[in-house]
1. Give the residue that is nearest to the other protein chains (Cβ to nearest Cβ), with candidates limited to residues of region A:7-26 that are within 15 Å of residue B:33 (Cα to Cα) and touching a residue at least 24 places away in the same chain (Cβ under 8 Å).
2. Checking residue A:184 against (1) assigned to a helix (DSSP H, G or I); (2) within 11 Å of another protein chain (Cβ to nearest Cβ), only one condition comes out false. Which one?
3. Which members of region C:133-159 meet the condition of being in contact (Cβ under 8 Å) with a residue 24 or more places away in the chain and over 23 Å from residue C:29 (Cβ atoms)?
4. Where in region C:1-50 are there helices (runs of 4 or more DSSP H), lying wholly inside it, with at least 1 residues that are surrounded by fewer than 18 Cβ atoms within 10 Å (Cβ to Cβ) and within 9 Å of chain B (Cβ to nearest Cβ)?
5. Does region A:196-203 contain at least one residue that is within 11 Å of chain B (Cβ to nearest Cβ) and in a helix (DSSP H, G or I)?
6. Is it the case that region A:114-122 has a residue that's within 23 Å of the chain's Cα centre (by Cα) and closer than 30 Å to residue A:42 by Cα?
7. Which of the residues belonging to region B:23-47 are surrounded by 21 or more Cβ atoms within 10 Å (Cβ to Cβ) and closer than 18 Å to residue C:141 by Cβ?
């Protein structure tokens, strides 16, 4: 089956010293165990959780276990690197996460009656201007609204240095804090949205 | 609160459990998704891994000749 | 161990001593602290050579000898509180991120053996014992359970506190030097 795998630079495993070969089967030691052993990969909807410098398409084979956020297989083979996952897309996703964080802040501000402050955020045309405005907004409000305004600035800081996984986490955390009505798991919902955004942008299927 | 919204303090507390494969699948996912975005925790975990490697490389004490003789004598008796 | 001792010839015993004495001495020194390491190690040897067939099944000679050293060391009082582990960075800070990502992450220079031993010596002896068995000697969890009676889950807790304590001690000594 086709799936996707994020790796650190140089095809390094995300959490180990293992360097993945290209186009060569890697077999997990021993019996498949989602906790301990297996080849990890993900579907497009999981991408938001695993954002690392390199994105590869991976072919999986043998026994498979699907969990909530990943697929674990007996064997896997990197087939090709998705070069479209580049600095430009990372930048755009980072900016998207800043705007997504701001949307949660706006919703919170409106809920708490800070209409003027919500408008200020909504009217900011760019992520950079958003980051400037939230400083003033955070000083004028309190509680979760102030925190969410602060998160917008923080997401921008991460996005500016190309640390897209940080910006993405902040957006998910903002979703968790705002807790939109009618959403069971706002953190997961936000992550799923990030995954969808990326899958669409990179034209990934599966 | 989502189990994936993990704080750095949890990462520190569970470092050995993680390195020793002692976490459940759910916990391991929480742990690893945190490591994706948190460089400080990656450094912390690397520190612990590196520490274990450094400890492994500690040299044993040299065998003291007097002590060696004493043990062999005692064994003879 | 019985196989290695064989007929108890001096050559056989000497080979065992040459292979394991240094590790036993290091263990007694790191765990026993102010207790004379030589005494504990000598008594451990006597116990092992007197009853080599009592080595528990599933354990290595090294592991068993170290367990005998533990037996010969005076018991240390259990730690009142395990060492506090400072989390690497509190992501939340005062409700939002602390901005730590702007700073250089602290380098972790390699400690020299003396510094490392001093750090091991700074944690409670019961934690040091687990650390030396598992990390210094590389004895696995299953064998360590046979040698110490501590289940793998309990070993992980002790190891965790031990490693974090040593790390904290190393960082403190680096700060003192800078």
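1. Pass one, region A:7-26, residues within 15 Å of residue B:33 (Cα to Cα): A:7-8, A:13-16.
When the remaining residues are screened for being touching a residue at least 24 places away in the same chain (Cβ under 8 Å), the result is A:7-8, A:14.
Numbers: A:7: 11, A:8: 10, A:14: 7 Å.
Per the criteria, the residue is A:14.
2. Unmet condition: (1).
3. Step one: of region C:133-159, the residues in contact (Cβ under 8 Å) with a residue 24 or more places away in the chain are C:133-137, C:139, C:142-144, C:146-148, C:155, C:158-159.
Selection gives C:142, C:146.
4. Values: elements: C:2-5, C:10-32, C:37-50.
Per the criteria, C:10-32, C:37-50.
5. So the first thing to find is which residues in region A:196-203 are within 11 Å of chain B (Cβ to nearest Cβ), and the list is none.
Among the residues of region A:196-203, not one is within 11 Å of chain B (Cβ to nearest Cβ) and in a helix (DSSP H, G or I), which makes the answer no.
6. Initially, region A:114-122 is screened for residues within 23 Å of the chain's Cα centre (by Cα), giving A:121-122.
Next, from what is left, pick out any that are closer than 30 Å to residue A:42 by Cα: none.
Within region A:114-122 (the criterion being within 23 Å of the chain's Cα centre (by Cα) and closer than 30 Å to residue A:42 by Cα), the answer is no, since none of the residues qualifies.
7. B:28
Table: residues versus (1) touching a residue at least 60 places away in the same chain (Cβ under 8 Å); (2) surrounded by fewer than 16 Cβ atoms within 10 Å (Cβ to Cβ); (3) in contact with a strand residue (DSSP E or B) (Cβ under 7 Å, 6 or more places away or on another chain).
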residue: A:2; (1), (2), (3): yes, yes, yes
residue: A:5; (1), (2), (3): yes, no, yes
residue: A:28; (1), (2), (3): no, no, yes
residue: A:39; (1), (2), (3): no, no, yes
residue: A:105; (1), (2), (3): yes, no, no
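FYI, it's all coordinate maths here, none of it is from the lab. Not measured: the values here are computed from a predicted model. Here Cβ is always computed from backbone atoms with ideal geometry, including for glycine, and neighbour counts include all displayed protein chains.
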